[in-house]
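See structure below.
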Amino acid sequence: MYVIAIAWLYVTVLMAATEPNLTAGVLTFVCYGLLPLSLLLWLFGAPQRRRQTRAREAADASAASDAAAEKPPR
């Protein structure tokens with residue numbers, strides 16, 4: 001998916017380079033390239049973030065249960 005993002009940024013940089021002045025080029029790059037791409041990557045990254053959170057919680061729970069099992073009884 002990052003290949004698509006890099007290609008899109010490349011296209012928008014070329015589009016921005018053809019603008020008549022610097023302000024139009026920057027606005028083209030930001031509004032047509034960065035903003036939509038950041039939204040797309042954030043939306044498509046949500047499942048991965050969710051999996052990482054679940055894995056972290058499972059590792060924490062496993063570590064807590066291991067620590068409780070190793071604790072000697074009184």
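The values are calculated or read from the model by the stated rules, or taken from the named source; none is laboratory data. These numbers were taken from a predicted model, which means no experiment stands behind them. All Cβ positions, glycine included, derive from the backbone under ideal geometry; neighbour counts span all protein chains shown.
Applying the condition of being within 20 Å of the chain's Cα centre (by Cα) and among the hydroxyl-bearing types (Ser, Thr, Tyr) to segment 13-64 and asking which residue is nearest to residue 2 (Cα to Cα) yields 38. So, residue 28, is that one surrounded by 11 or more Cβ atoms within 10 Å (Cβ to Cβ), of a type outside the set (Gly, Ala, Ser) and touching a Gly at 6+ places or on another chain (Cβ under 6 Å) or not? Against the criterion (surrounded by 11 or more Cβ atoms within 10 Å (Cβ to Cβ), of a type outside the set (Gly, Ala, Ser) and touching a Gly at 6+ places or on another chain (Cβ under 6 Å)), residue 28 does not qualify. Within segment 1-18, restricting attention to residues that are hydroxyl-bearing (Ser, Thr, Tyr) and exposed (fewer than 14 other Cβ atoms within 10 Å of the Cβ), the residue that is farthest from residue 48 (Cα to Cα) is 18.
Conditions tested, residue by residue: (1) surrounded by 10 or more Cβ atoms within 10 Å (Cβ to Cβ); (2) of a type in the set (Phe, Trp, Tyr); (3) modelled with pLDDT of 90 or more.
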| position | (1), (2), (3) |
| --- | --- |
| 32 | yes, yes, yes |
| 36 | yes, no, yes |
| 40 | yes, no, yes |
| 52 | yes, no, yes |
| 62 | yes, no, no |
| 67 | no, no, no |
| 72 | no, no, no |
